[in-house]
Amino acid sequence: MSGQIPMRVAVVGATGFHGGAVARLPAERQHRVRTLTRRPEGDRPPLPGAEFVAGELGSPADVRRLFEGATHAFWSGSGVGGRRRHGGAARVLLTARS
């Protein structure tokens, strides 16, 4: 990472297939990766140095904590409340920003 400005990457869905693959690259390049998980003590993908934050996508406070200080973000999680309420995740993000 010599000469690079370190990224602070917030990832939703890092315990899944796509999110884990996306989170792995910056983690392996020694950037800071923070991910939101309902079970911080559960199975985790091998992400060197990653921070696993306990929380729920439906909680504006948890989402705010995940994105605090992030320079980059990737959302690979499902919508809040399932398929019919997919827009709920966007509302949580907007609420978390304020």
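The values are calculated or read from the model by the stated rules, or taken from the named source; none is laboratory data. Since we're looking at a predicted model, the values are computed, not measured. Reconstructed Cβ throughout: ideal geometry from the backbone, glycine too, with neighbour counts over all protein chains shown. Ligands, DNA and RNA are excluded from the accessible area calculation, which covers all protein heavy atoms including side chains. Shrake-Rupley method; radii C 1.70, N 1.55, O 1.52, S 1.80 Å.
General remarks:
- Boolean, ALA70 is surrounded by 14 or more Cβ atoms within 10 Å (Cβ to Cβ), part of a helix (DSSP H, G or I) and touching a strand residue (DSSP E or B) at 6+ places or on another chain (Cβ under 6 Å): no
- Residue match in the stretch 12-23 (condition: within 13 Å of the chain's Cα centre (by Cα), modelled with pLDDT of 85 or more and of a type outside the set (A, V, I, L, M, F, W, C)): no
Per-residue answers, yes or no, for (1) modelled with pLDDT of 80 or more; (2) of a type in the set (Phe, Trp, Tyr):
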| position | (1), (2) |
| --- | --- |
| ALA10 | yes, no |
| PRO40 | no, no |
| PRO46 | no, no |
| GLU56 | yes, no |
| THR71 | yes, no |
| PHE74 | yes, yes |
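- If you check VAL63, VAL80 for being open to solvent by less than 30 Å² (accessible area, probe 1.4 Å), at pLDDT 85 or above and not aromatic (Phe, Trp, Tyr), only one passes: VAL63.
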